[in-house]
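Mind having a look at this structure? Questions to follow.
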Amino acid sequence: MAILKNPFASLLLRYLAVLVCVALVTIVLLLFRPFLEIQLIALLFLLPVMISTVFWGLTPGVLASFLAFLGFNFYFIEPYHTFMVHKTQDLITLIIFLTVAVLLSQFIGQAREGVRLARSREWEATRMYVLTSTLAGLQDTHAIAQTIANHTQETFGFDHVQVVIEKRIDEPALAISVPEEAPPHKPATARIPLLTVRGQEGELNIWHHRSQLAAEEKRLLEAHISQGALSLERIRLAKSEHKAHVLEDSDRLKSSLLNSVSHELRSPLAAIKASISSLRMGMVDWDSEAREELLATIEEETDHLNQLVGNLLDMSRIESGALKPQKRWNAIDEIVMNVSTNMRKHLQGHRLDVDFPEDLPLVPTDYVMIEQVFTNLISNSIKYAPTGTVISISGRKEEDFVHIQVANQGPLVPAEHLERIFDKFYRITDADRVTGTGLGLSICKGIVDAHGGKIWAANQDSTFVFHIQLPLKLDGALPEVPREARDG
């Protein structure tokens, strides 16, 4: 097998095969020379020409043409066993035979080369399609490097292939070898950089025993390297774009947070400062009604600050994934009534209607978190609903979940904004007149999602309604204690 890998030895073997083929045909024709016409012998001598061209290529085919010409002249044209020709007709026959043999070898050789090129192009296109389709679905630098190494090894049969990815600011250097063992100690046969218009992404190192690659292999290898480099660049650009979007979103959120929080903090702090200053300076009689109003202002604004800081902390817990509900079996109506009691001062300008059926089952919830949800939804309704209107809360069982509605008579929200109102800092209605940070509804969504539920908003007739769905099962089971036993 080693001799076949030597181009010179392989060429000698092909020439020897041509010589043997022409010799065999000559021997067979000599046995039947008395019975064959000269024209038929000439036609039969074209067989080794065709066989040599088809199996061994154009050059062996031309060689077979000249060998057949010499054999035809030497053994079958009188005088025999000499290259001399006495008859003009025989000379013409020999010239025509040589011309036909050479042209035949040329035509067959070109056809053979065309078939070879077509198969080669088909193979190249297939290998490139497999590579590009595989690389297109990858989003990881390691996977792309591994694919380039594997595909190069499979396609070209190199002894060893190594793909080296250069170190980046956010990524360490990477080296993938195929086979997986360490590269040979000898220097690589070729070191080809993975270049793009933006610079070098890495390097492809190959070890092989061949002195040089064929033109088709070089072209295909260059295409491999180009596709691999472009895929690595695509990943890097995608990461840069993602990082830019993250930084842009972070800057926008920071600006929104600073604007909202600074405004929300400034107002209660100013009220608290003014009230305390009035009390300390003795401007208010300690037994007067004004003193009670100042103390009440301090208490309300402190509660406001506490709620603001609580919302910020809740939002940070939601974004960090640290929000883990401690689910217990709770009655939704009890949570709502407790919230309404705590918010009675805020609800003085509105009427709260609560409607829950007596047979509403217990719901697995985190009591404090769901209490926060209703507090935020009622606060939102108080902010936007006109004074004197009704805020209604109702619930009912639907299949394996409880469906709760919190409705108010505030302004309706355009349909294109209904989903976005649960985004952080997103406010569209009376944003200048109504105070707030825009975190309340996003916190509600985070809590409900953490419970495995769903929350959305909708316009229904002349009311604006928040819908909440909470699952009734905890770990796939319903509560063991019935509601009647709890009420008893």
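Every read-out reported here was derived from the displayed coordinates using simple, explicitly stated rules and does not represent laboratory data. Keep in mind the model is a prediction, meaning the values are calculated, not measured. All Cβ positions, glycine included, derive from the backbone under ideal geometry; neighbour counts span all protein chains shown.
Which value in nm describes the separation of the simple spin-label points at residue 216 and residue 387, placed 7 Å from the Cα toward the beta carbon?
8.9 nm
Quick one: plug the Kirkwood hydrodynamic radius of the range 62-114 (C-alpha pairs) into Stokes-Einstein at 20 °C, 1.002 mPa s, and report D in µm²/s.
183 µm²/s
Tally Lys/Arg at +1 and Asp/Glu at -1 over every other residue whose Cβ is under 12 Å from the Cβ of residue 340; what's the total?
With Lys, Arg at +1 and Asp, Glu at -1, the neighbours total -1.
Could you sort out which of 445/473; 273/383; 186/243; 167/445; 243/383 sit more than 30 Å apart by Cα distance in this structure?
186/243; 167/445; 243/383
To continue, here is another question. I want to make sure I understand the PRE zone here: with the label point 7 angstrom from the Cα of residue 27 toward its beta carbon, which residues in the range 39-55 have backbone N atoms less than 19 Å away?
44-49, 51-52
Still on this structure, please answer the following. Each label point is 7 Å from the Cα along the Cα-to-Cβ direction; what then is the distance between the points at residue 110 and residue 302, in nm?
With each label placed 7 Å out from Cα toward Cβ, I get 10.2 nm.
How big is the gap, in Å, between the Cα center of the range 350-394 and the Cα center of the range 446-474?
Between the Cα centres of the range 350-394 and the range 446-474 lies a distance of 12 Å.
Starting with the highest mean, order 154-161, 440-447, 401-408 by the number of other Cβ atoms within 10 Å, averaged over the residues of each peptide.
Top to bottom by mean Cβ count within 10 Å: 440-447, 401-408, 154-161.
Any number yet on Rg/Rh for the range 60-190, C-alpha, Kirkwood?
Across the range 60-190, the Cα-based Rg/Rh ratio is 1.40.
Could you order the peptides 119-132, 372-385, 139-152 from most to least packed, using the average number of other C-beta atoms within 10 Å per residue?
Taking the mean over residues of other Cβ atoms within 10 Å, the ranking is 372-385, 139-152, 119-132.
Related question: Would you mind counting up the charge near residue 300? Only other residues with Cβ under 11 Å from its Cβ, with Lys and Arg at +1 and Asp and Glu at -1.
Spelling it out: positives minus negatives among the neighbours equals -3.
Take the Cα pairs of the range 3-119, get the Kirkwood Rh, then feed it into Stokes-Einstein at 25 °C and 0.890 mPa s and tell me D in µm²/s.
Answer, rounded: 166 µm²/s.
Follow-up. With Kirkwood's inverse mean 1/r over C-alpha pairs for Rh, give me the Rg to Rh ratio of the range 112-166, two decimals please.
1.09
Also, I was wondering about something else. May I ask which of 239/327; 345/454; 327/397 have a Cα-Cα span longer than 27 Å here?
Check vs 27 Å cut-off fails for 239/327; 345/454.
Could you work out the local net charge near residue 162, counting Lys and Arg as +1, Asp and Glu as -1, over the other residues with Cβ closer than 14 Å to its Cβ?
Taking every other residue near residue 162 into account, the sum is -3.
Another question about this same structure. To the nearest 20 debye, what is the magnitude of the charge dipole of the range 3-119 about its Cα centre, counting +1 on the Cβ of each Lys and Arg and -1 on the Cβ of each Asp and Glu?
It comes to approximately 480 debye.
Further question on the same structure: Report the FRET efficiency, 1/(1 + (r/R0)^6), for residue 136 and residue 417, where r is their Cβ-Cβ distance and R0 is 45 Å, rounded to 0.05.
After rounding to 0.05, the efficiency reads 0.80.
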